[in-house]
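**Student:** Input: one structure, supplied below.
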Amino acid sequence: MNSSKPQVALNSLSKDHDESLKFCSRIRNGLSNKVKPERIRSYTDWFKKNYLERHFETEENLIFPVLGKNVRVKRAIANHRRIRKLLSCGCENEKVLHLLEEELSRYIRFEERTLYAEIKKLATAEQLFEFEKLHQNLHLPEEQWKDKFWLE
């Protein structure tokens, strides 16, 4: 296997995580700037629908199976479930928004440091190529979101 090929695919996966880390930063900035929670919640609903849910589905259905049903994959799926629960609560409670931001940030770091190291070891060049193609299709239509509350 070409040694640059796994790195290219994993870079693409990591770039997807940059979108989610940006999302977390925006929640944090909105909360610290005392933006009304309902504005932040509207953004989290939009982000879930337009990006995060597709990202989770791609991981669960195509990427995690490469690793089998080990304890780290089970932890990742449990993290997805917790994040989905925080996203779907429908409330505008600041505490829930803080928990969402913290949980997602912590989970992304776990994926980057642990799961992707395993993927790099176990995935074939063909699988990595497929991951790369899938992640190129996960475009976030950020220009559609007009309320840039994090800039206030």
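The values are calculated or read from the model by the stated rules, or taken from the named source; none is laboratory data. Computed from a predicted model, the values in this text were never measured in an experiment. Neighbour counts are summed over all protein chains in view; Cβ atoms, including those assigned to glycine, are modelled from backbone coordinates with ideal geometry. Note: areas computed on protein heavy atoms with side chains; ligands, DNA, RNA excluded. Shrake-Rupley method; radii C 1.70, N 1.55, O 1.52, S 1.80 Å.
**Student:** Take region 35-73 and flag every residue that is of a type in the set (Lys, Arg) and open to solvent by 40 Å² or more (accessible area, probe 1.4 Å).
**Tutor:** Within region 35-73, the subset of a type in the set (Lys, Arg) is 36, 39, 41, 48-49, 54, 69, 72.
Within region 35-73, 36, 39, 48, 49, 54, 69, 72 meet the criteria.
**Student:** It is to be established whether one or more residues within region 92-100 are out of contact with any Phe, Trp or Tyr (no Cβ under 6 Å at 6 or more places or on another chain), on the phi > 0 side of the Ramachandran plot and not in a helix (DSSP H, G or I).
**Tutor:** Of the residues in region 92-100, the ones out of contact with any Phe, Trp or Tyr (no Cβ under 6 Å at 6 or more places or on another chain) are 92-100.
Now drop any that are not on the phi > 0 side of the Ramachandran plot, which leaves none.
No, that holds for no residue.
**Student:** Out of the residues in region 85-140 meeting the condition of being under 16 Å from the mean Cα position of the chain (by Cα) and among the hydroxyl-bearing types (Ser, Thr, Tyr), tell me which one is most open to solvent (accessible area, probe 1.4 Å).
**Tutor:** Looking at residues that are under 16 Å from the mean Cα position of the chain (by Cα) and among the hydroxyl-bearing types (Ser, Thr, Tyr), I get 88.
**Student:** Within region 4-62, take every residue that is farther than 20 Å from residue 91 by Cβ and among the basic types (Lys, Arg) and give me the one that is modelled with the lowest pLDDT.
**Tutor:** Filtering region 4-62 for residues that are farther than 20 Å from residue 91 by Cβ and among the basic types (Lys, Arg), the one modelled with the lowest pLDDT comes out as 5.
**Student:** Next question. For region 59-68, state whether one or more residues are closer than 17 Å to residue 22 by Cβ and touching a helix residue (DSSP H, G or I) at 6+ places or on another chain (Cβ under 6 Å). Even if it seems obvious, please write down each step before you answer.
**Tutor:** Applying the first criterion (closer than 17 Å to residue 22 by Cβ) to region 59-68 yields none.
Within region 59-68 (the criterion being closer than 17 Å to residue 22 by Cβ and touching a helix residue (DSSP H, G or I) at 6+ places or on another chain (Cβ under 6 Å)), the answer is no, since none of the residues qualifies.
**Student:** Where the second residue is among the charged types (D, E, K, R) and the first is closer than 14 Å to residue 58 by Cα and lies in region 117-130, which pairs have Cβ atoms under 7 Å and are six or more apart or on separate chains?
**Tutor:** 128/5
**Student:** Still on this structure, please answer the following. On the basis of being out of contact with any Cys (no Cβ under 8 Å at 6 or more places or on another chain) and either surrounded by 15 or more Cβ atoms within 10 Å (Cβ to Cβ) or closer than 16 Å to residue 53 by Cβ (or both), does residue 82 make the cut?
**Tutor:** Details: out of contact with any Cys (no Cβ under 8 Å at 6 or more places or on another chain): yes; either surrounded by 15 or more Cβ atoms within 10 Å (Cβ to Cβ) or closer than 16 Å to residue 53 by Cβ (or both): yes.
Judged against the criteria, residue 82 is a match.
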